[in-house]
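The values are calculated or read from the model by the stated rules, or taken from the named source; none is laboratory data. In this text, all values refer to a predicted model and were calculated from it rather than measured experimentally. Because the Cβ atoms are built from the backbone with ideal geometry, glycine has one as well, and the counts that use them run over all protein chains shown. Only protein heavy atoms, including side chains, enter the accessible area calculation; ligands, DNA and RNA are left aside. Shrake-Rupley method; radii C 1.70, N 1.55, O 1.52, S 1.80 Å.
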Amino acid sequence: MRHRVSRREFMKIAALSTAALAVPPARRTVAAPAVGTLNYAEAGDFSAFNPWRFEAVNTNMHNQLFDRLTWKDDRGRVHLQLAEAYEPARDGTSARIKLRQDAKWHDGKPIVAQDFVNMHGYTKDTSLLAKELGIRKTRDLLAPVKDVQAVDQYTLVFTFNGQVPYFTEILDYFWAIRIDDPNDPALMRKVPVGSGPFKFIHWVPNQYARFVRNPDYYVKGKPTIDTFMFRRLDRPETLVANLQSGAVHGIFVSNPADVQQLRADRNITVASTPHPGSVFPVMLNVRKSPLDRKQVRQALSYAMNRVEMAQKAFFGVSQPISTMFFSPTSLGYREDLAKAYPFDLDRAGRLMEEAGVRNAEFNTIVTPRWPQMKLFTLIWQADLAKIGIKLNVAEVEQAQFLASGNDASLRGLDMIPWVVGRTTRDPAIFFGTQITHRGGRTAKHGWVNDELEKLVAEGAAEINTAKRRSIYQRANEIIVEEVPMIHVANDPRIWAWSTKVKGMTTDLVGDLTMVDATLQS
Amino acid sequence: MIRHVLLRILHLIPTLFLASMVIFFIIVKAPGDPAQITAGPEATPEQLAAERARLGLDKPLPVRYAVWLSDVVHLNLGYSLLARRQVTQMIGEAIPQTLRLTLASMVLSILIGFPIGILAAVRQNSRLDAVVTGLSSVGLALPSFWLGILLIITFSVRFRWLPPSGVGDPDQGSWYNLRYLVMPVVTIAASNLAVFARFVRSAMIDALAADYVRTARAKGLGQRAVVVRHALKNAMIPVVTILGIQFGRLLGGAVVTEAVFAYSGIGRLSVLSILNRDYPVVQGTLMLVVCLFLIVNLTVDLTYGYLDPRVKLEEAR
Amino acid sequence: MATSIPASNSKKPDSRAAVGRPAAAVLRRLMRERKGAVGTVCMLLFILVAIVGPRVAPYNPIELHLEAQLAPPSARFWWGTDELGRDILSRVIHGARVSLAAGVLAVGLAGIVGVAGGLVSGYLGGWIDAIISRVWDTLLAFPAIFLAIGIVTIIGPGYLNAVLAVAIINLPTFARLVRASTIALRGKDFVEAARAIGAPNARIMFRTILPNCLSLVVVQMAIAAPAAILVEASLSYLGLGSQPPTASWGNMLTAAQSYLYRSPTYGIFPGAALTLVVIALNYFADGLQDAIDPRRTRAGAQMT
């Protein structure tokens, strides 16, 4: 006779086992975070740990994990890092670099000249180039470099294709990396090996990446922070809450709507880079009709009320811009171009008529990572509707957004808002590395302009500053006239920190540098 | 008995197969060339072809399906397209989080819903009953994303007592991290509680009204004895059913709540991977969810049949 | 999806009660119970708002008032404004149309296709039944919200696609309901009679059997509608429903969550509207169920 568990017993057992399972598993408990743990939070998540990828979501980990030969601080002064000495040749066609001999990779191997030769080799490796966007970007960065030789174990010689007076600007983007697994050029599958002040411990996607102090760092006594917890928050609006509640010590402000509130909080310091070189352009699919017609593109630009967008979509933290060379410090700056395309719906309408385009309909996307994009796109949508142009906006997740933007034909979209950097660097660097603003074979979205390509090549080889200025001003003029992308506003990088954190800086690239930071308990 | 169980399990297998086919075809139907994604946009046509061969994309569909299915059975779920990590690893990290959430909600629903339901049934049509019924109507209707937002407004924005999102700080102990569970658990439990309380109440009412209870009352047994002994036992049957069904639904219910609180469980992993077109992760999580769902539903059915032999005979399937 | 579980353990649908019940009597019984009356009245009010509201809304829902971004409720904007200065009250009113239409369309579509499927598989039986039932089984293997998200991901986001997805996840319930009814009814005398006089199968299914389970289908539609509205709102919340600038209660809540700290009241109104609609519809469905079959014991619980 089988024993039937009575219902009462059954219920008791079920209840007890359920309750038992609900108790959270005991974890290796640390009562309170070690005093040297700094919690820093940003929205979104890492798309790669290879700094060469240079994507906006990753940039603030670059200087923590990786070092460069030389770098420029936010005042433009050159500092030596992995290099002990930097000797440009008199004729400007090469540079000799002596490496410091006490620098090591995070796994203990010493950093030698051959490592840099290997890095140059990555940019020539077709399989790596095909797999990883960052390798392609660095190939473009190092285009003026003909050859890299290891003269001896700690001495490097870079030879150039002509004269390159701005080589230190190139080195500013040339972090020292090691690709140990050719199937993992993004450095995401295994622990990325760098040489910076912090070592990578592990990454829990959509949650955090944990870095700890590099005990063998060649700068003695630095860094002072033991653990750098780089948290990723999926909801950008919770960044401010986390900072104000003390759950994190610092955040990268992703929604300009929050700045006002942060500035008003006395326990918080708001800091931004003095040379914000990033801008928000709307990239146009110039191969797709009717955007292949210049008048249509110009019309769209006239229909953009940048002044209002700067106030309402960017909450006053950005300035409206009509060109990428908006800063008077740039070699390509020209006052009339900086004021191009004032808001004029009538003119926009007339241009559309001239182009013979009626009932135009365009498709674009936005993503939560940049709430400013959604706001200015919707303001634009409303204005475009007034002249009979329909703009369809869809909101997508970050990964899809990046994939569409990185695709040559925007995956069928007509346009996409984007972020482009380095506009305040030497224009040779800007044009050399930003394929968004080129008109040749490597142009990102297929815009062709032979004159621009000629000017870019000339400017890279020219050493006379006055001549360079006229070259880049003409390049500026071409882009403004042809409008292959519509510039909206600049993108200041803004951080908010608890007053307990001191010593954090940014470099000229605009990336966070925590090597000198201290945390008060 | 064993035969019955085995038969039911066998019955599951074709469904599982069909569901796996649907899941497999998501990748096939989806736009975008997986080889292009892994080889990169600058791959030459030869490199693309090589990548396609490497991924097995050039084989006919049934073969690809068979290969995929055998991989799944061997728990080789591939690599995420975005995170480049093993899918099994990502799922392994997400499941415990969702389990904590689901079980805690379940416990809360039972602890509160059960006594409330019984009380309301015992005092049927009283003011307490009206309140309970009214509140449960609200609880059922409350969209979880709205309740979540309201909780965040109250406890994170206004009072700053609780963190508005996330699963917690790995440096802190389990007790500290409980504060990240509070609002998500309450959000999920709210609707579960409503269903559960209602169910317990109606099951109790039925049981109390049953003939033999009336007979027992007529015989003069005290109210409490009547309730405890007879009605409660019979009320258990539908209650156990609803418990099981709710557990299965919790998997789905957690999806939106995990999105609201950016809580890194399996719900959020599947939603994000679906939205990001990260197909290997989508397939892995959907297979897991479907298996769990089917197993839970089967267990519920079997338990129901075990507890109430009348139902087994009546099954018209 | 949502099914009503009678407190009594009978699994057979009691369709005899629905035969020959005039609609007027049902209506009378519906309005007599307080819950049913309240539910019906509120539901009609919401439908009124959905139909007429957009015409009387104070502002155009997509009109920007950038000088008043994220403004709190005031005399000018009764419920405040959103991040682009659009009037929240007007957007909520327009959202009513979106949500209610989604509920009606999804449930209607599911009803029509599900009924057809159920009739066919119940009446014809055999391998047709086996195949069709397998389809429902496969659909039911996925938790509803996953299936909905998956469908929308394949066919693309948008209002109509979301409605289609919600319809699909409701199909199995209707189909099974009608199938069970059909199986129960096909042996009955009046069906035998129809067969005897040589009526074609389609006629028997749709003219003879269907009217007898119609009330069950109608009740199921009423029960499924609020759940359908909630699923569409969830899809919208996840960004898979109506796209900007169209206002839907779901995507208003998504935006509200981004600005919780600047404007705590933003998220209250769309969510409250959604909740009230669902409560009203639930009451209506409960009331309708009781009105159609008063012999059924009350307090049928619902599963979402």
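Averaged over the residues of C:220-232, the number of partner chain Cβ atoms lying within 10 Å of the residue Cβ comes to 1.
Heavy-atom accessible surface of region A:67-186, averaged per residue, reaches 41 Å², computed with a 1.4 Å probe.
At 222 nm, what helix-only mean residue ellipticity would chain C give, in deg cm²/dmol to the nearest 500, using -39500 (n - 2.57) for each DSSP H run of four or more? Result for chain C: -22000 deg cm²/dmol, rounded to the nearest 500.
Distance between the modelled labels on A:Arg77 and C:Arg207, one decimal in nanometres: 9.7 nm (7 Å Cα→Cβ projection).
Which loop-located trypsin sites (Lys or Arg not before Pro) does region A:41-115 contain, where loop means any DSSP state but H, G, I, E or B and the Cβ has at most 10 other Cβ atoms within 10 Å? Filter output for region A:41-115: A:Arg75, A:Arg77, A:Arg90. Once amide H atoms are placed 1.01 Å from N in the peptide plane, what residues at a sequence separation of 5 or more from A:Lys146, or on another chain, have their amide H within under 5 Å of its amide H? Amide H to amide H, under 5 Å and 5 or more residues apart or across chains, A:Lys146 pairs with A:Thr159, A:Phe160, A:Asn161.
Couplings for region C:113-123, taken from phi via the Karplus curve 6.51 cos²θ - 1.76 cosθ + 1.60 with θ = phi - 60°, read 5, x, 4, 4, x, x, 4, 4, 6, x, 7 Hz in order; Gly and Pro are left as x. Here the Kirkwood formula, the inverse mean of 1/r across different C-alpha pairs, assigns region A:67-186 a hydrodynamic radius of 14.8 Å.
Computed over region A:410-453, the convex hull of the alpha-carbon atoms projects to a mean area of 3.5 nm².
The H on the amide N of A:Asn363, modeled in the peptide plane, is under 5 Å from the matching H of A:Asn392, A:Asp414, A:Met415, each at least 5 residues off or on a different chain.
Take the alpha carbon gyration tensor of region A:307-400, find the square roots of its eigenvalues, order them as a ≥ b ≥ c, and report rounded if a/c is under 1.5; if not, report prolate when a/b exceeds b/c, else oblate. Judged from the Cα gyration tensor, region A:307-400 comes out oblate (a/c at least 1.5, b/c at or above a/b). Among the listed pairs A:Lys288/B:Lys29; A:Lys137/A:Lys444; A:Lys98/A:Lys124; A:Lys137/A:Lys288; A:Lys288/A:Lys454; A:Lys104/A:Lys146, which are separated by more than 18 Å between their Cα atoms? Pairs exceeding 18 Å: A:Lys288/B:Lys29; A:Lys98/A:Lys124; A:Lys137/A:Lys288; A:Lys288/A:Lys454; A:Lys104/A:Lys146. Relative to one another, the C-alpha centroids of region A:39-103 and region C:251-286 are positioned 49 Å apart. Specify whether the C-alpha gyration tensor of chain A places it in the rounded, prolate or oblate class, a ≥ b ≥ c being the square roots of the eigenvalues: rounded for a/c under 1.5, otherwise prolate if a/b is larger than b/c and oblate if not. Cα axes put chain A in the oblate bin.
Close amide H pairs (under 5 Å, H built 1.01 Å from N) link C:Arg76 with no residue at least 5 positions away or on another chain.
Go ahead and estimate [θ] at 222 nm for chain A from helices alone: -39,500 (n - 2.57) per DSSP H run with n ≥ 4, summed, over the residue count, rounded to 500.
That calculation yields -8500 deg cm²/dmol at 222 nm.
Considering only alpha-carbon pairs that sit under 8 angstrom and 6 or more positions apart, the relative contact order computed for chain A is 20 percent. Remark: region C:233-249, residue by residue, has Karplus-estimated 3J(HN,Hα) of 5, 5, 4, 4, 4, 7, x, 9, x, 4, 9, x, x, 4, 8, 10, 4 Hz, where x stands for each Gly or Pro and the curve is 6.51 cos²θ - 1.76 cosθ + 1.60 at θ = phi - 60°.
Where a ≥ b ≥ c are the square roots of the eigenvalues of the C-alpha gyration tensor, would you call chain C rounded, which needs a/c under 1.5, or, failing that, prolate if a/b is larger than b/c, or oblate? In terms of gyration-tensor shape, prolate.
Suppose a student asked you for the relative contact order of region A:67-186, using Cα pairs under 8 Å spaced at least 6 residues apart; what percent would you report?
Computed over region A:67-186, the figure is 31 percent.
Rounded to the nearest 100, the interface formed by chains A and B buries 4500 square angstrom of accessible surface, both chains summed, with a 1.4 Å probe.
Whole-percent P(r), region C:190-235, all Cα pairs, 10 Å bins from 0: 25, 30, 22, 16, 7, 0.
Taken residue by residue and averaged, Cβ atoms of other chains lying within 10 Å of the Cβ of A:446-452 number 0. Binning the alpha carbon pair distances of the protein assembly as shown at 10 angstrom intervals from zero yields the distribution 2, 9, 17, 21, 20, 14, 9, 5, 3, 1, 0, 0, expressed in whole percent. Between the alpha-carbon centres of region C:48-104 and region A:449-463 there is a gap of 53 Å. Residues in region B:201-206 carry Karplus couplings, in order, of 4, 5, 5, 5, 4, 4 Hz; the curve used is 6.51 cos²θ - 1.76 cosθ + 1.60 with θ = phi - 60°, and Gly or Pro positions show x. Taking the convex hull of the alpha carbon positions in region A:279-490 and averaging its projected area over all directions gives 10.7 nm².
Per-residue surface analysis assigns A:His437 an accessible area of about 0 Å², computed on protein heavy atoms at 1.4 Å probe radius.
Leaving ligands and nucleic acids aside, the B/C contact buries around 4800 square angstrom of accessible area in total at a 1.4 Å probe radius.
Residues of region A:439-474 with backbone nitrogen within less than 20 Å of a virtual label 7 Å along the Cα-to-Cβ line of A:Lys339, please, listed as ranges. The answer is A:473-474, whose backbone nitrogens lie closer than 20 Å to the label point. Surface composition of region A:67-186: carbon and sulfur make up 47 percent of the accessible area, probe 1.4 Å.
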